Amino acid sequence: MDNKIFPTPAIEAKHRRGLLGTHFDCFISWMRDYGYSRHSMRFNVQCVTHFGQYLHRRGIRSVHQLEGEAGQKLLLDYRCYCKRRKYWRKDSALKLYLRALQEAGVIKSLESRDSLYQKTQEYVTFLTTQRNLSERSTQQHIYWAEKFQQFLGCRKSCSSLPTFGIADVDRFIEQEAVRLKRPSQLSLVGCLRSFLRFLYRSERLSTDLSTLIISPRRYRLASLPSVLTWSEVQKLLDSVDRSVKTGLQHYAVLILLATYGLRAGEVAHLKLEDINWREDTIHIPSRKMGKDLWLPLTPQVGKAILEYLKHGRPPSKYRNVFLLTRAPWTPLDRNNIAYVVNRHIQLAGLKPPRHGAHLLRHSFATHLIRAGVPLKHIGDLLGHRNPESTHIYTKTATEQLRQVALEAPEVR
């Protein structure tokens with residue numbers, strides 16, 4: 001083991017003893033590859049040593065006993081053990097340790113490979129191959145399918161679904177719909193209808209219950225997008241401290257969202273090769289409707305990205321432009337992008353009715369409408385396949401509506 005992490009042979013020998021000691025070199029190598037600091041590496045190894053001592057007292061003699069449902073139960077018991085004794089963050093390194101062993105092929109995944117898991121995997125295959133859904137949409141469908149199975153009392157050890165009818169489906173929808181807004185209720189009903197149709201076609205249900213589900217009524221263009229004025233967008237950008245590495249990243253993310261109206265996932269998935277510095281273009285691949293887009297790389301956006309790449313982005317094997325600001329240096333996801341927006345909404349002192357990365361997308365579209373850009377052109381920039389998806393932004397351009405308002409006729 002690296003002596004820069006453990007200063008004395010006696011301390012190193014202590015950490016090498018026990019059930020998990022034989023895999024410490026693997027763990028150290030994994031953390032070093034992912035850019036962890038020496039302090040973090042030392043703390044993580046100490047946590048794993050503590051876990052190894054706990055396993056020894058429990059009579060665990062093989063690292064393979066950490067696999068499957070039994071391994072999940074061991075981890076849960078250990079977290080409860082640490083909580084009772086107020087051991088601060090003693091379990092925080094275990095996910096990293098197990099991930100390192102999984103990537104090295106020492107142990108299998110902790111997920112139980114039982115019939116319920118296999119059923120979910122079959123549904124994933126159905127959604128991706130038969131329905132050709134995106135990764136995000138597939139995750140949403142799986143979330144509600146698993147939630148419904150849990151509602152029915154299914155566990156990972158269940159061999160089959162219990163008998164249920166449309167009354168159970170209605171109770172589940174009523175239970176979940178209370179905390180959801182109308183668009184989310186529609187998403188819930190759509191995902192559940194898809195899962196029930198899959199169960200019927202795979203002969204797990206004798207009746208197609210999907211035809212009996214009634215969707216909540218939704219009126220087209222009934223809602224009004226939450227937008228910021230362009231001066232508020234500028235105030236949001238000005239709230240970023242670009243003298244630190246995190247600020248360089250946040251500014252580049254925000255300027256991309258504000259300049260092009262991109263979705264959070266499109267910014268998160270942006271690769272280094274998507275930016276053509278010679279031709280000053282930026283490629284946005286894998287759009288929601290399967291349409292790629294090539295946009296001009298504006299000087300402001302190019303400068304922001306370049307500053308981040310030079311002074312803020314850590315070295316990494318990943319080709320994504322934006323990475324986490326601490327180890328492991330993995331790519332940002334949609335939730336990280338939303339956090340960046342929400343963080344600077346707070347710092348800028350803004351109080352829009354809704355937050356998230358889509359706030360800047362709505363603001364971008366509204367700004368173009370107010371500037372007189374045709375709806376067709378705006379729809380192409382936003383990646384809308386259906387022109388009606390762009391029409392809702394006309395409701396936010398109230399100044400233009402006032403200009404075309406007809407005079408009230410005189411009543412005689």
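The values are calculated or read from the model by the stated rules, or taken from the named source; none is laboratory data. This is a predicted model, so every value here is computed, not measured. Don't worry about glycine lacking a Cβ; one is built from the backbone with ideal geometry, like all the others, and counts go over all protein chains shown.
Please specify each residue of the range 312-351 satisfying the condition of being over 22 Å from the mean Cα position of the chain (by Cα) and more than 23 Å from Arg32 (Cβ to Cβ).
Listed by number, the residues that qualify are Leu347, Ala348, Gly349, Leu350, Lys351.
Condition first: under 13 Å from Tyr97 (Cβ atoms) and assigned to a helix (DSSP H, G or I). Now tell me which residues in the range 23-39 satisfy that.
Selection gives His23, Phe24, Asp25, Cys26, Phe27, Ile28, Ser29, Trp30, Met31.
Sort out which residues of the range 292-310 are part of a loop (DSSP other than H, G, I, E, B) and either within 25 Å of the chain's Cα centre (by Cα) or touching a residue at least 24 places away in the same chain (Cβ under 8 Å) (or both), and write them in order of number.
Of the residues in the range 292-310, the ones part of a loop (DSSP other than H, G, I, E, B) are 292, 297-298.
Scanning the range 292-310 gives Asp292, Thr298.
Does the range 309-317 include one or more residues that are surrounded by 17 or more Cβ atoms within 10 Å (Cβ to Cβ) and farther than 17 Å from Val244 by Cβ?
Within the range 309-317, not a single residue is surrounded by 17 or more Cβ atoms within 10 Å (Cβ to Cβ) and farther than 17 Å from Val244 by Cβ.
Tally up the residues in the range 55-67 that are farther than 27 Å from Asp33 by Cβ and outside any loop (DSSP other than H, G, I, E, B), please. Walk me through how you get there before you give the answer.
Narrowing the range 55-67 to residues farther than 27 Å from Asp33 by Cβ: 56-61.
Then keep just the ones that are outside any loop (DSSP other than H, G, I, E, B); that gives 56-57.
So the count comes out to 2.
I need a count of the residues in the range 121-146 that are surrounded by 16 or more Cβ atoms within 10 Å (Cβ to Cβ), assigned to a helix (DSSP H, G or I) and without any contact (Cβ under 8 Å) to a residue 12 or more places away in the chain.
1
Yes or no: Asp33 touching a Pro at 6+ places or on another chain (Cβ under 9 Å) and on the phi < 0 side of the Ramachandran plot?
Numbers: touching a Pro at 6+ places or on another chain (Cβ under 9 Å): yes; on the phi < 0 side of the Ramachandran plot: yes.
It is true that Asp33 is touching a Pro at 6+ places or on another chain (Cβ under 9 Å) and on the phi < 0 side of the Ramachandran plot.
Given the conditions (1) farther than 30 Å from Ala93 by Cβ; (2) modelled with pLDDT of 95 or more, report the number of the one that Pro285 does not fulfil.
Condition not satisfied by Pro285: (2).
Select from the range 84-117 the residues that are at pLDDT below 80 and part of a helix (DSSP H, G or I) and list them in ascending order.
Ser115, Leu116, Tyr117, listed by residue number.
Looking at Thr49, Thr22, can you tell me which residue is surrounded by fewer than 16 Cβ atoms within 10 Å (Cβ to Cβ), β-branched (Val, Ile, Thr) and not assigned by TED's automatic domain parsing to the domain that holds Trp329?
Thr22
How many of the residues in the range 238-254 are in contact (Cβ under 8 Å) with a residue 24 or more places away in the chain, touching a helix residue (DSSP H, G or I) at 6+ places or on another chain (Cβ under 6 Å) and either surrounded by fewer than 21 Cβ atoms within 10 Å (Cβ to Cβ) or not assigned by TED's automatic domain parsing to the domain that holds Pro331 (or both)?
Residues meeting the conditions: 2.
What are the residue pairs meeting all of these: first residue in the range 327-349, first residue of a type in the set (D, E, K, R), second residue surrounded by fewer than 16 Cβ atoms within 10 Å (Cβ to Cβ) and modelled with pLDDT under 95, Cβ atoms under 9 Å, and 6 or more apart or on different chains?
Listed by first residue and then by second, the contacts come to Arg334/Arg136.
Looking only at residues in the range 38-97 that are more than 20 Å from Thr22 (Cβ to Cβ) and among the acidic types (Asp, Glu), which one is nearest to the chain's Cα centre (by Cα)?
Asp91
Output the number of the condition that Glu279 fails; it satisfies all remaining conditions of (1) exposed (fewer than 15 other Cβ atoms within 10 Å of the Cβ); (2) in contact with a helix residue (DSSP H, G or I) (Cβ under 9 Å, 6 or more places away or on another chain); (3) assigned to a loop (DSSP other than H, G, I, E, B).
(2)
Based on this model, can you work out whether Glu273 counts as among the acidic types (Asp, Glu), surrounded by fewer than 23 Cβ atoms within 10 Å (Cβ to Cβ) and part of a helix (DSSP H, G or I)?
yes
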